[in-house]
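Remarks on the structure that follows.
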Amino acid sequence: MKRILWFRRDLRVKDNPLLTYEGEVLPIFIFDKEILDLLQSDDRRVNFIYKSVVKLKSDLRSIGLDLKVFYANVEDVFSYLSTFEFDEVVASGDYDEYAKKRDLRVSHKLHFRYIQDTYIFKHNEILKDDGTTYFVFTPFYKKAKIALGSKNIDEIQRVKQTLFSSSYEGLTIVEEDQEISTKELRLENIGFEAKDLEIVSPYEKLEDLVEKLPKYKEDRDFLNLAASSGLSVDLRFGTIGIREILRRVLELENAESFIRQLIFRDYYAYLLFHLPYIEHKNYKYAFNGIEDEEKFRAFCEAKTGVPIVDAGVRELLKSGNMHNRVRMVVASFFTKDLLLPWQWGESFFAKYLLDFDKASNVLSWQWSAGTGVDPQPYFRVFNPYLQSKKFDRDGIYIKKHISELRDLDSKYLHNEEYLLNNKIKDYPKPILKHKEAAKVAIEIFKA
Ligand SMILES: Cc1cc2nc3c(=O)[nH]c(=O)nc-3n(C[C@H](O)[C@H](O)[C@H](O)COP(=O)(O)OP(=O)(O)OC[C@H]3O[C@@H](n4cnc5c(N)ncnc54)[C@H](O)[C@@H]3O)c2cc1C
């Protein structure tokens, strides 16, 4: 058999099922022009992917294989490759709308084999006893935990593969008219600037996590404790396998809360698979926010005057990350206090988050908006001041990201009255009064 191994969300050699297909193989990665053309040239995520692809190529070389890296529209690549008589293309499954449509189009040119890698379970592995889908997390979680007990998560063993004869140097550019050219494999050659992006090995993060696990549950919500794993970006791009993580933590004490988060991630992907329309539309309630460009601009520019919200947005813009607790506070403020459409917030996060994952992002935004699958009641609105008082009492996180507030006594960071009535140099007053805004939101949802 002659196969194309399409690396996408599995940018690693270790424990990768793509390397279990015997015979002649052409490992490929595609910098998809259709996606890249929409991004700004300083995109951090593209930098992360680029570095991961360079490492993958080198790791594949060390086991006698290589990686052919394309810069092109996906269909143009497969039109070109379909002339080489491959038997099939093998890739791990991806559930968002763009990916599904793209894969369907490719499958019209070449036999397409989906493999299971990105998530713990296949989309049809955790079902109710009557064979239907779960729409509530707790019973899904219970069933998933039982299934995990008997799941084979042993390390996948590589088999003998021979490399398809081709040129693996540089970046292969395929034009729509099938004209082929080659450039050096550099970020600049796909239209992006190299950024100073520190990449920590996911294996190091995993070992760190083992140390942190005893206090993970207790500490993970506190903004300056760095108590979580930081593995979301690696799970997104498969620079470490989910099975590897499970093998390391499953037998440990105190791993329950962390494993619950991993299962949450699976659950969100499962829901997106079974309810694809929720990528764009509410699962429940007709109300979908009120479009207001001015409020949206204040939010995007971190000028709402609500310290924890602005700090979160600045963290995101600066680093491509945002603490999970802050994501929840920010998304609640966006959808309930500002009453903006959750889709706008989802797109903003999608643009900047290094770990952006369609399923986790959409479902989390719908959870915050109260429009999602979860039984999250619409009247649950986070009070941003109480949240920051609880999880950033000394204002360490807020002051780290908002230099204008560094000299302010920390107790005022959580005091709406003070912020509304006192002028702070270079920092705006709160754009709204939380209690009033929350009341309006609840009334609208109730109606
Ligand atoms: C509005 C909003 C948007 C979000 N968007 C994304 C996104 O685009 N991509 C993304 O990976 N996560 C998203 N999350 C979930 C969560 O914030 C991140 O997964 C987490 O901050 C990553 O940090 P960590 O790796 O240290 O997590 P840990 O606490 O170490 O958790 C381990 C892993 O479990 C998964 N996980 C943790 N929390 C959640 C959760 N609430 N939902 C789903 N999976 C979870 C992640 O893969 C994470 O790496 C979002 C949350 C909110 C509230």
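Counting only alpha carbon atoms, the long axis of helix 202-219 and the longest principal axis of the chain meet at about 30°.
Rounded to the nearest 0.05, what FRET efficiency do Gln116 and Lys142 give with R0 = 22 Å and r taken as the Cβ-Cβ distance? Could you check?
After rounding to 0.05, the efficiency reads 0.55.
The tail of the calculated P(r) for the range 48-175 beyond 17 Å holds 72 percent of all Cα-Cα pairs.
With Cβ to Cβ distances under 12 Å as the rule, what net charge do the other residues near Leu213 carry (K, R +1; D, E -1)? Intermediate results must be reported in sequence, preceding the final value.
On the way: positive: Lys212, Lys215, Lys217, Arg220, Arg248; negative: Glu207, Asp208, Glu211, Glu218, Asp219, Glu251, Glu253, Glu256.
Around Leu213, the surrounding residues sum to -3.
With the convex hull of its Cα atoms as the shape, the range 129-218 has an orientation-averaged projected area of 13.6 nm².
Set against the 2.2 N^0.38 Å expectation for a compact globular protein, the range 1-118 has a Cα radius of gyration ratio of 1.03. Considering only Leu65, Leu223, Leu408, give the residue with the highest GNM mean-square fluctuation for the chain, with springs between Cα atoms whenever their separation is below 10 Å. Comparing Leu65, Leu223, Leu408 in the GNM, the peak value goes to Leu408. Under unit Cβ charges (Lys, Arg +1; Asp, Glu -1), what dipole magnitude, rounded to 20 debye, does the range 1-118 have relative to its Cα centre? Value, rounded to 20: 260 debye.
What is the extension gain from Arg248 to Glu88, computed as 0.36 nm multiplied by their sequence separation minus the C-alpha to C-alpha distance, in nm to one decimal? Can you show the working numbers first?
Values: separation 160, 0.36 × 160 = 57.60 nm, distance 3.35 nm.
Extra length available between Arg248 and Glu88 comes to 54.3 nm.
Consider a paramagnetic label point 7 Å from the Cα of Asp37 along Cα→Cβ; state which residues of the range 71-109 have an amide N under 12 Å from it. Only 72-76 fall inside the zone, counting backbone N under 12 Å. Taking label points 7 Å from Cα along the Cα-to-Cβ direction, Glu188 and Arg380 give a separation of 5.1 nm. Using the Cα coordinates of the chain, the gyration tensor eigenvalues translate into equivalent-ellipsoid semi-axes of 40, 25, 22 Å, sorted from longest to shortest. Each of Gln161, Leu187, Leu127 was scored by the projection of its Cα onto the charge dipole of the range 122-187, and the greatest displacement toward the positive side belongs to Leu127; charges sit on the C-beta of Lys, Arg, Asp and Glu.
Compute, for the range 293-446, the length of the dipole vector about the Cα centre, with Cβ point charges of +1 (Lys, Arg) and -1 (Asp, Glu) only. Units Debye, rounded to 20.
Numbers: 25 positive and 20 negative charges, 47 e Å.
Here the size comes out at about 220 debye.
Computed on the range 237-343, with alpha-carbon pairs under 8 angstrom and 6+ residues apart, the relative contact order is 22 percent. The alpha-carbon of Lys183 sits under 22 angstrom from the alpha-carbons of these lysines, leaving out residues fewer than 8 places away in its chain: Lys33, Lys51, Lys55, Lys57, Lys68, Lys195. Kindly express, to the nearest 10 degrees and within the range 0 to 90, the angle between helix 44-62's C-alpha long axis and the longest C-alpha principal axis of the chain. Helix 44-62 sits at roughly 30 degrees to that axis.
When the Kirkwood radius is taken over all Cα pairs of the range 1-48, what Stokes-Einstein diffusion coefficient follows at 4 °C and 1.567 mPa s, in µm²/s?
Values: Rh = 12.8 Å.
Once the numbers are plugged in, D ends up at 101 µm²/s.
Peptides 50-61, 360-371, ordered by how many other C-beta atoms sit within 10 Å of their residues on average, highest first, read 360-371, 50-61. Once the C-beta distance of Tyr277 and Val159 is scaled by a Förster radius of 41 Å, the resulting FRET efficiency is 0.55 to the nearest 0.05.
Report the relative contact order of the range 1-118, percent, no decimals, based on alpha-carbon pairs under 8 angstrom and at least 6 residues apart. Answer for the range 1-118 is 36 percent. Take the Cα of Lys101, step 7 Å along the line toward its Cβ, and report every residue of the range 32-50 whose backbone nitrogen sits under 16 Å from that point. Of the residues in the range 32-50, 33-38 have backbone N under 16 Å from the label point off Lys101. When the chain is described by a simple charge dipole with +1 on each Lys and Arg Cβ and -1 on each Asp and Glu Cβ, the residue from Phe391, Thr239, Pro307 located farthest towards its positive end is Phe391.
Could you give the size of the charge dipole of the chain about its Cα centre, using +1 on the Cβ of each K and R and -1 on the Cβ of each D and E, expressed in debye and rounded to the nearest 20?
1340
Remark: spin-label model distance Lys439-Ser62 equals 6.3 nm, labels positioned 7 Å along the Cα→Cβ axis.
Of all DSSP beta bridges confined to the chain, the antiparallel ones make up roughly 15%. Full extension of the segment from Asn288 to Glu179, taken as 0.36 nm per residue of separation minus the current Cα-Cα distance, would add 34.6 nm. Kindly identify the range 177-330 as rounded, prolate or oblate by the Cα gyration tensor criterion: order the square roots of the eigenvalues as a ≥ b ≥ c, call it rounded if a/c is under 1.5, otherwise compare a/b with b/c, prolate if a/b is larger, else oblate. It is rounded, given that a/c, with a ≥ b ≥ c, falls under 1.5. Cβ-to-Cβ counts within 10 Å put Ser92, Ser347 in ascending order as Ser347, Ser92, the fewest first.
Taking the Cβ-Cβ separation of Lys2 and Ile199 as r and a Förster radius of 41 Å, what is the calculated FRET efficiency to the nearest 0.05?
Values: r = 34 Å, r/R0 = 0.82.
Efficiency at R0 = 41 Å is approximately 0.75.
Estimated at 0.36 nm per residue, the fully extended path between Ser347 and Asp409 surpasses their Cα-Cα distance by 18.9 nm. Rounded to the nearest 10 degrees, the angle from helix 307-319 to the longest Cα principal axis of the chain is 20 degrees. GNM remark for the chain: springs join alpha carbons under 10 Å apart, and the peak mean-square fluctuation among Tyr141, Tyr352, Tyr285 falls on Tyr285.
Pairs of Cα atoms nearer than 8 Å and 6+ residues apart set the relative contact order; for the chain it is 17 percent.
Its DSSP H runs of at least 4 residues, each contributing -39,500 (n - 2.57), put the calculated 222 nm mean residue ellipticity of the chain at -13000 deg cm²/dmol, to the nearest 500.
None of the figures in this text is laboratory data; all of them are computed from the coordinates on show. Note that this is a predicted model, so its numbers are computed, not measured. Please note: Cβ atoms are built from the backbone with ideal geometry, for glycine as well, and neighbour counts cover all protein chains shown.
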